[in-house]
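Undergrad: Attaching a single structure in structure tokens format; questions to follow.
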Amino acid sequence: MRYVSTRGQAPASGFAEVLLAGLAPDGGLYLPESWPVFSPAELRAMRALAYPELAARVIAPFAAGSFTEAELAALLREAYAGFAHPAVCPLVQLETGLFVAELFHGPTLAFKDMAMQLLGPLFAAALARRGEHITIVGATSGDTGSAAIEACRDRPGIHLVMLHPKGRTSEVQRRQMTTVLAPNIVNLAVAGSFDDCQDLVKAMFADAPFRAEMALSAVNSINFARIAAQIPYYVATALALGAPDREVAFAVPTGNFGNVFAAWAAGRMGLPIVRLAVGSNRNDILTRFLAGKDMSVRAVEPSLSPSMDIQVSSNFERLLFESLGRDGDTTAAMMRDFRRSGRMTVPDAAWCDITRLFVGLALDDRATTAEIRALHAASGYVADPHSAIGIAAGRAHALPGVPMIAMGTAHPAKFPAAMREALGFVPPLPPRLASLYDKEERCRDVPADLAAVEAVVRSTAPATHAA
Ligand SMILES: *Cc1c(COP(=O)(O)O)cnc(C)c1O
């Protein structure tokens, strides 16, 4: 499989190159040259597979030329061996027609583990073959960071620097990152918002000499390998509820648009998806866009669902490129304009194309808390604030007779303050995380300043990284 950039100016690359590079050299995001498609018969045949085998089959066409399905299956078995549920991503029924797919049974209790636990071994395998090393820089609003750190800690050839907005993550999220004292892990607390962190990461990539000197790589959801690793759970849960012989719909609490873009991709690959409901908190740029074409950036405001406190959703560029008929020049111009003006005017045809499938719902903190309470009262189900927003979006946009599967993206114990406020109790952390509050933390404060951050990245890299 070859990959092209959404900005149309980068040479086509293979899967391993795309995995290690993250962002395309023209500043765009990689997408496969064409989407692999599974026939209904091929999909039905996947019903009999255990999750790692199913995931290997779904990811194999994307990795063709770099990893075989058998190699992927071995890495995926390793990746999901540490999950706390034998089904990896179990489905729970909440109401008639409404289900939650629990994606949070991995080591850091959020859905990021579903992809990241594969990315760690994939990176290690690709680097070992090439005898190379890389510096992974990432921005996190909470969950990506811990998932990436958990997946990359102590892996040879990988130096990982993770930026998070100081004071804007939950304490559990912060401790999950800062208590990992492995020598190849560096945590930076940035004085700013998640968007500032993401801008710093993008600016490091745009600094070509720095990017080459440090052999920069990314594990944010701009990395296509993460998208690929998020597609299988849409396939698995849809098959469990009758697809491809029955239509399905998904609801996804959304921040950077990576998870819901994977759902869209599953549809392109043959899954009969008739609706994608995007859930937002008060940072509702996507839901405003879907409801009324208004894609205009406002200040990021903290909420009960910090992993969705985002205004510029990087992966939206992928959907934009597709809905513009894969016109890289137009995509590049629109993204440049958006960056400059904070406002995007999407052509009518593209907006209509997007809203045929996508709908949105935004919940502020009060409505989120009310949803958590109502869910608990109705069925005893305990949903974290992110998952609750997804569930509410799913219920609001359910179609009669079509199973609506909401993505359960985090374990409620990750957000103790929000849960205490909503339910009057805090669900316990799983035993393997119980010691989190007793561990030593290591983290550096940095200003939201490119030169300062680059200096820290350079000074913390091992000597083998020196050019
Ligand atoms: C990352 C995250 C999201 C948002 O996912 P995107 O792929 O960025 O849209 C939602 N909920 C939780 C708990 C997350 O960690």
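Undergrad: Inspect the range 336-353 for any residue being in contact (Cβ under 8 Å) with a residue 60 or more places away in the chain, within 27 Å of SER141 (Cβ to Cβ) and touching a helix residue (DSSP H, G or I) at 6+ places or on another chain (Cβ under 7 Å) and give the result as yes or no.
TA: There is no residue in the range 336-353 that is in contact (Cβ under 8 Å) with a residue 60 or more places away in the chain, within 27 Å of SER141 (Cβ to Cβ) and touching a helix residue (DSSP H, G or I) at 6+ places or on another chain (Cβ under 7 Å).
Undergrad: Which fully enclosed strands (runs of 3 or more DSSP E) of the range 85-151 have 2 or more residues being under 19 Å from ASN184 (Cα atoms)? Can you show your working first?
TA: Numbers: elements: 91-95, 98-102, 134-139.
Hits in the range 85-151: 134-139.
Undergrad: How about the range 226-238: which of its residues are in contact with a strand residue (DSSP E or B) (Cβ under 9 Å, 6 or more places away or on another chain) and either surrounded by fewer than 24 Cβ atoms within 10 Å (Cβ to Cβ) or within 20 Å of ALA87 (Cα to Cα) (or both)?
TA: So in the range 226-238, the residues in contact with a strand residue (DSSP E or B) (Cβ under 9 Å, 6 or more places away or on another chain) come out as 227-228, 233-234, 236-238.
Within the range 226-238, ALA228, TYR233, TYR234, ALA236, THR237, ALA238 meet the criteria.
The rows are residues; the columns are (1) open to solvent by 60 Å² or more (accessible area, probe 1.4 Å); (2) aliphatic (A, V, I, L, M); (3) modelled with pLDDT under 95; (4) within 15 Å of the ligand (Cβ to nearest atom).
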| position | (1), (2), (3), (4) |
| --- | --- |
| GLY408 | no, no, no, yes |
| PRO416 | no, no, yes, yes |
| GLU421 | yes, no, no, no |
| ASP445 | yes, no, no, no |
| ASP449 | yes, no, no, no |
| VAL457 | no, yes, no, no |
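Undergrad: Hey, another quick one. Consider only pairs whose beta carbons are under 6 Å apart and that are at least six residues apart or on different chains; among these, list those whose first residue lies in the range 315-327 and is away from the ligand (no atom under 16 Å from the Cβ) and whose second residue is open to solvent by less than 10 Å² (accessible area, probe 1.4 Å).
TA: Close Cβ pairs satisfying both conditions: PHE321/THR6; PHE321/THR331; SER323/ALA350; SER323/ILE354; LEU324/THR331; LEU324/ALA350.
Undergrad: Next up: List pairs: first in the range 101-121 and in contact (Cβ under 8 Å) with a residue 24 or more places away in the chain, second crowded, with 24+ Cβ neighbours inside 10 Å and among the basic types (Lys, Arg), Cβ under 7 Å, 6+ apart or cross-chain?
TA: Matching pairs, first to second residue: LEU109/LYS414; ALA110/LYS414; ALA115/ARG226; LEU119/ARG226.
Undergrad: Name the single residue that is farthest from the ligand (Cβ to nearest atom) among those in the range 293-314 being surrounded by fewer than 24 Cβ atoms within 10 Å (Cβ to Cβ) and among the hydroxyl-bearing types (Ser, Thr, Tyr).
TA: SER296
Undergrad: Taking the residues in the range 1-59 that are charged (D, E, K, R) and touching a Lys or Arg at 6+ places or on another chain (Cβ under 7 Å) as candidates, determine which candidate is least open to solvent (accessible area, probe 1.4 Å).
TA: Going through the range 1-59, the residues charged (D, E, K, R) turn out to be 2, 7, 17, 26, 33, 42, 44, 47, 53, 57.
When the remaining residues are screened for being touching a Lys or Arg at 6+ places or on another chain (Cβ under 7 Å), the result is 26, 33.
Values: ASP26: 41, GLU33: 97 Å².
Result: ASP26.
The values are calculated or read from the model by the stated rules, or taken from the named source; none is laboratory data. Predicted model only: the values in this text are computed from it and were never measured. Note that we place each Cβ from the backbone using ideal geometry, even for glycine, and neighbour counts take in every protein chain shown. Areas reflect the complete protein model, heavy atoms only, side chains present, ligands, DNA and RNA absent. Shrake-Rupley method; radii C 1.70, N 1.55, O 1.52, S 1.80 Å.
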